[in-house]
Amino acid sequence: MSSPSPLALAALVAALPLTQSFAAEPTLLAPGATVEKLSGGYAFTEGPATDAQGHVFFTDQPNDRIVRWDAITGAFTDWMKPAGRANGMYFDAKGHLIACADGKNELWSIAPDKTVTVLAKDHEGKLFNGPNDVWIRPDGGLYFTDPFYKRNYWNRGPSEIGGQHVYFMPADRSRPRRVTDDLRQPNGLIGTPDGKTLYVADIGAGKTYRYAVQPDGALTEKHLFCNQGSDGMTLDAKGNVYLTGKGVTVYNPEGIRIEQIPIPEGWTANVCFGGTNRNFLFITAGTSVYGARMSVRGAH
């Protein structure tokens, strides 16, 4: 999830292939559906997360706010401001919004009444680079990425922690521990509903990997899923993986590209499934948010 500097974004977009071949699959959009602009006028949209009712919460990170989209009325309202410069987010089973709050390089739990609990702020006494994306597995344990993107609102020096990694925090919310040490710049991540598989996008290397998730949080059986990195990502109920950057690129579970969904913005940051039936693809991209009805439902 979020997001490199404008120069870095330009380099990432330039590195994405201009032409792509796809498996002969029918479109994943619902019959007659098109991608529609839902709202605009933001500084940079990120981090969409869907609650139990299908409403989507997303961040306008430069403006330090979390915005709520109502799945029934389509209305947009500011839900929380300031919001810790929240970036990637995910709802837990209790309805708490877990947020990567990189204003102070922290991981937050935001209760429905907006009470904030800081879950983590450092590793072995060293500040995180800036927690970026988060996924919660069925037992409540969570994974988050920690790439380093220098922010103009930080009052701090260079990276303290030595590397850019993925961390696991147990369900009891004890101290997180590092579970990768060989990624260049992990960014987006998402896991399967059974909690057995985790996808991690190494945006710096331009690759996405698949891991087997172990009960203790360890990640094993690292496998190259595709030669594309991603900012944010999601899964549908068929196991297809949705990556972002230049629009939304969809891969089937075997890592074969099956669809490209163009978005009229320079950078597509993130994506999730929302709506009361979980069949509405909600897309954060640049200064706007977009949506499309799909023929598949989200996995979560």
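Summary of computed values
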item	result
Neighbours by Cβ (under 8 Å, 6+ apart or cross-chain): first from the range 147-163, touching a residue at least 24 places away in the same chain (Cβ under 8 Å); second surrounded by fewer than 13 Cβ atoms within 10 Å (Cβ to Cβ) and not in a loop (DSSP other than H, G, I, E, B)	GLU160/LYS126; ILE161/LYS126; GLY162/LYS126
Flag if ASP78 is touching a strand residue (DSSP E or B) at 6+ places or on another chain (Cβ under 7 Å) and either aliphatic (A, V, I, L, M) or more than 18 Å from PRO176 (Cβ to Cβ) (or both)	yes
Some residue of the range 110-123 being within 17 Å of the chain's Cα centre (by Cα), within 22 Å of ASP92 (Cβ to Cβ) and in a loop (DSSP other than H, G, I, E, B)	no
Residues within the range 65-90 that are out of contact with any Gly (no Cβ under 6 Å at 6 or more places or on another chain) and either surrounded by fewer than 17 Cβ atoms within 10 Å (Cβ to Cβ) or closer than 22 Å to LYS37 by Cβ (or both), tallied	16
Residue in the range 232-249 that is at pLDDT 95 or above, crowded, with 24+ Cβ neighbours inside 10 Å and in a loop (DSSP other than H, G, I, E, B) present	yes
Residue list for the range 96-116, restricted to those being without any contact (Cβ under 8 Å) to a residue 12 or more places away in the chain and under 21 Å from ALA171 (Cβ atoms)	THR115
Residue within the range 196-214 that is closer than 20 Å to LYS121 by Cβ and either in contact with a Phe, Trp or Tyr (Cβ under 7 Å, 6 or more places away or on another chain) or hydrophobic (A, V, I, L, M, F, W, C) (or both) present	no
Subset of the range 39-53 that is under 19 Å from TRP135 (Cβ atoms) and crowded, with 20+ Cβ neighbours inside 10 Å - its residue that is nearest to the chain's Cα centre (by Cα)	GLY47
Filter result (small (Gly, Ala, Ser), in a loop (DSSP other than H, G, I, E, B) and closer than 19 Å to ASN279 by Cβ) within the range 36-66	ALA52, GLY54
Which numbered condition LEU224 misses (of (1) closer than 22 Å to THR268 by Cα; (2) surrounded by fewer than 21 Cβ atoms within 10 Å (Cβ to Cβ))	(1)
Residue list for the range 124-147, restricted to those being in a loop (DSSP other than H, G, I, E, B), closer than 21 Å to ALA212 by Cα and out of contact with any Pro (no Cβ under 6 Å at 6 or more places or on another chain)	ASP133, ARG137, PRO138, ASP139, GLY140
Listing of strands (runs of 3 or more DSSP E) fully contained in the range 254-300 that carry 1 or more residues being surrounded by 20 or more Cβ atoms within 10 Å (Cβ to Cβ), touching a Pro at 6+ places or on another chain (Cβ under 9 Å) and not acidic (Asp, Glu)	268-274, 280-285, 288-293
Condition broken by ALA93, with the remaining ones in (1) farther than 16 Å from ALA49 by Cβ; (2) out of contact with any Gly (no Cβ under 6 Å at 6 or more places or on another chain); (3) among the hydrophobic types (A, V, I, L, M, F, W, C); (4) part of a loop (DSSP other than H, G, I, E, B) satisfied	(1)
Filter result (under 18 Å from PRO147 (Cα atoms) and crowded, with 18+ Cβ neighbours inside 10 Å) within the range 91-118	ILE98, ALA99, CYS100, ALA101, ASP102, GLY103, ASN105, GLU106, LEU107, TRP108
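The values are calculated or read from the model by the stated rules, or taken from the named source; none is laboratory data. What you see is a predicted model, and the numbers here were worked out from it, not measured in a lab. Neighbour counts run over all protein chains shown; Cβ positions are idealised from the backbone, glycine included.
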